[in-house]
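Since the structure comes first, as structure tokens, the remarks are kept for the end.
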Amino acid sequence: MKLTFLGAARTVTGSCFLLETGNTKILIDCGMFQGRAKEEAMNEQPLPVSPAEIDYVLLTHAHIDHSGRIPWLYVNGFEGEVIAQKAAVELCSLLLPDSGYIQEFETEWKNRKRMRAGLKPVVPLYTAAQAEESLELFKKVSYDEIIQLTDDIRVRFKNSGHMLGSAFVEMWIRENGKEEKIVFTGDIGNTDMPILKDPEPIEEADYVVMESTYGDRLHSEKENKAEKFLEIVLDTLDRGGNVVIPSFAVGRTQEIIYEINKTLTLPAEKVVRLLNTPVYIDSPLAISATEVYRRNLDCYDEEARWYIENGDNPLDFPNLHFSRTADESRAINQITGGCIIISASGMCEAGRIKHHLKHNLWREKSTILFVGYQAEGTLGRRLLDGAKKVNIFGEEISVNARIESIDGYSGHADYVGLINWLKNFRKMPKGIFLVHGEEKALFSLSDRIQEEFDIEPIIPLRDESFVIEANQEISRSFERETTGRFRYLPVISLLEDVKEGIGDMAAMLMEEMIQGVDDRRLEDITRKLKLLQKDMVSVLSADKK
Ligand SMILES: [Zn+2]
């Protein structure tokens, strides 16, 4: 078999792996690249095989960075089956049309700008209607069921504890009379998470393609996350402020609703104030996703089932309000204190959360509480890093609110969790491929795996292929040369790095400024920057001569 890494290679988004045997072509995930302009452009880059030739997509879970390009695949001729656990399919039926709607909206906005500049309009990656159509290709399966894909390929989905319906994909592939087993982890969940079962152990595999998001980090607050949550919330309410929680609409929001419901069962004096506190879920997508969660009780862990068996719906409590319409959302903006607002997007890049930040960031009494990963370059990350002012809807907003973060709710295992999961193998796999991590995390996890198991993982590059045959060394090669307009991407990426570097320098200078003025240093920096500025002008002009 041949395995090609088309995404999530030395980065965290765009999960997509192509597995080819003699007569079958299978994609494991077909996710969207997310982040800066370069990542956006990467989504349109053609695959090394035509979508029409692909027989199956095996989907590990519904998150857009794993599923987001399935409608694009469909628009470009894919007619095969998309196989996923049933809750994952239900969540995709919300997330993919929503993603199509966002594509349309952003394209429309871009095109208005392009038209003013006399440029040709562009089309969205796919529309909400196309995403809706692509759902026809989805097939629901259950955990632990063996699925015979072809005469030579069997597949099984195992609960990976990352989100509702998330799975490890186990594949048994027979070639030349010999069977090999390969496991794709998708995202590996954290243990002791609200609602979700812990990731299942897998005891056997010849090869593992494994995620590494937190390959260099520990979730220090895992054990006491609920107490910290309660303390931050009560303290803010005491001061008369609002608690604003930016949260992914699907997954984290339901986990936080569950956590608040659980808190309400604590001894009365602690929660009496919380009992009268309105909690607003301000995201239409989160509301629909909560319904999917309420329907898929069989995926819950024992604790969540205990609540249900004792007559308590763990995703509901008396003061929980859902706001669907824009008017309902705006009404929340008028509340100056005493409520909890949970809204998307989780990294504050888009959606209604930006309005709530605009209305609460400048208020000293309010708290912004992060419960999820904040990627580099996002508004959420800037706030966490201590920005004093941020720009929202073209307006400069002072950051006076308390900024807090609890890392224990992460949907991803930390490095101890990842190593512990590997310890379930009775015999170490012959090959471990590390994906879905920023470089620091990948290399750090690789070192730890070598130390612990004496096996050197492979860290594939994007577009790198590996031919895996029984009893033979793995051979590696590059299949796809970056061609045409896509050769611009690495250059644009470089430019974006420079831009980020300059942003960092500005922040550092602001810090220095507070400490006092050093005239010589100031002169020196000014001189160097002027030279840099001159050089920058020449970058784009030089070659045009
Ligand atoms: Zn995920």
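The values are calculated or read from the model by the stated rules, or taken from the named source; none is laboratory data. Keep in mind it's a predicted model, so treat the numbers as computed, not measured. With ideal geometry, Cβ positions are generated from the backbone for all residues, glycine too; neighbour counts draw on all protein chains shown.
Taken together, the criteria place residue 441 among residues that are crowded, with 17+ Cβ neighbours inside 10 Å, within 16 Å of the ligand (Cβ to nearest atom) and closer than 22 Å to residue 373 by Cβ. Considering only residues of segment 241-265 that are over 17 Å from residue 321 (Cβ atoms) and at pLDDT 95 or above, which is surrounded by the most Cβ atoms within 10 Å (Cβ to Cβ)? This residue is 246. For segment 90-148, a residue qualifies if it is surrounded by fewer than 14 Cβ atoms within 10 Å (Cβ to Cβ) and in a helix (DSSP H, G or I), and the qualifying residues are 105, 108, 109, 112, 113, 115, 116, 129, 136. Residue count for segment 368-422 satisfying the condition of being of a type in the set (Lys, Arg) and either within 16 Å of the ligand (Cβ to nearest atom) or free of Cβ contacts under 8 Å to residues at least 24 places away in the same chain (or both): 2.
When segment 272-301 is filtered for residues that are assigned to a helix (DSSP H, G or I) and touching a residue at least 40 places away in the same chain (Cβ under 8 Å), the ones remaining, listed by number, are 274, 275, 284, 285, 286, 288, 289, 292, 293, 295, 299.
Of the residues making up segment 445-467, those that are under 23 Å from residue 187 (Cβ atoms), buried (at least 17 other Cβ atoms within 10 Å of the Cβ) and not acidic (Asp, Glu) number 10.
Here residue 83 passes the criteria (1) surrounded by 20 or more Cβ atoms within 10 Å (Cβ to Cβ); (2) in contact with a Gly (Cβ under 9 Å, 6 or more places away or on another chain) except the one numbered (2).
Selection of first residues in segment 75-102 that are more than 19 Å from residue 58 (Cβ to Cβ) and touching a residue at least 60 places away in the same chain (Cβ under 8 Å) and of second residues that are crowded, with 22+ Cβ neighbours inside 10 Å and not aliphatic (A, V, I, L, M), restricted to Cβ pairs under 9 Å at least 6 apart or on distinct chains, gives the following pairs, ordered by first then second residue: 99/67; 99/68; 99/71; 99/126. Restricting attention to segment 226-240 and to residues that are within 30 Å of residue 186 (Cβ to Cβ) and at pLDDT 90 or above, the residue that is surrounded by the most Cβ atoms within 10 Å (Cβ to Cβ) turns out to be 229. Going by the conditions given, is residue 83 in a strand (DSSP E or B), under 22 Å from residue 147 (Cα atoms), within 18 Å of the chain's Cα centre (by Cα) and aliphatic (A, V, I, L, M)? Judged against the criteria, residue 83 is not a match.
Evaluating residue 163 against the criteria (1) within 16 Å of the ligand (Cβ to nearest atom); (2) not in a loop (DSSP other than H, G, I, E, B) leaves one unmet condition, (2). Restricting attention to segment 125-163, the residues that are more than 30 Å from residue 192 (Cβ to Cβ) and either modelled with pLDDT under 95 or of a type in the set (Ser, Thr, Tyr) (or both) total 4.
Is there any pair linking a residue in segment 344-367 that is in the same structural domain as residue 405 (by TED's automatic domain parsing) and more than 21 Å from residue 236 (Cα to Cα) to one that is basic (Lys, Arg) and part of a helix (DSSP H, G or I), with Cβ under 9 Å and at least six apart or on different chains, and which? Correct list of pairs: 345/354; 347/381. Mind checking whether some residue in segment 64-82 is among the polar types (S, T, N, Q) and more than 14 Å from the ligand (Cβ to nearest atom)? The answer is yes; a qualifying residue exists. Applying a threshold of 8 Å to beta carbon distances and a minimum spacing of six or more residues, or different chains, the list of pairs starting in segment 52-64 at a residue that is in the same structural domain as residue 39 (by TED's automatic domain parsing) and in a loop (DSSP other than H, G, I, E, B) and ending at one that is near the ligand (Cβ under 9 Å from one of its atoms) and acidic (Asp, Glu) reads 60/187; 61/187; 63/187. Of all residues in segment 61-79, those satisfying the criterion of being touching a helix residue (DSSP H, G or I) at 6+ places or on another chain (Cβ under 6 Å) and either closer than 20 Å to residue 150 by Cβ or among the small types (Gly, Ala, Ser) (or both) are 62, 67, 68, 73, 77, 78. In segment 186-206, the residues that are among the charged types (D, E, K, R) reach residues that are outside any loop (DSSP other than H, G, I, E, B) and within 16 Å of the ligand (Cβ to nearest atom) with C-beta atoms within less than 6 angstrom, at least six apart or across chains, in these pairs: 187/211; 197/159; 200/158; 200/159.
Filtering segment 167-182 to residues that are in contact (Cβ under 8 Å) with a residue 60 or more places away in the chain and either in contact with an Asp or Glu (Cβ under 6 Å, 6 or more places away or on another chain) or within 13 Å of the ligand (Cβ to nearest atom) (or both) leaves 167, 168, 173, 180.
Filtered by the rule that a residue be more than 22 Å from residue 251 (Cβ to Cβ), at pLDDT below 95 and in a helix (DSSP H, G or I), segment 344-401 gives a lone residue, 382.
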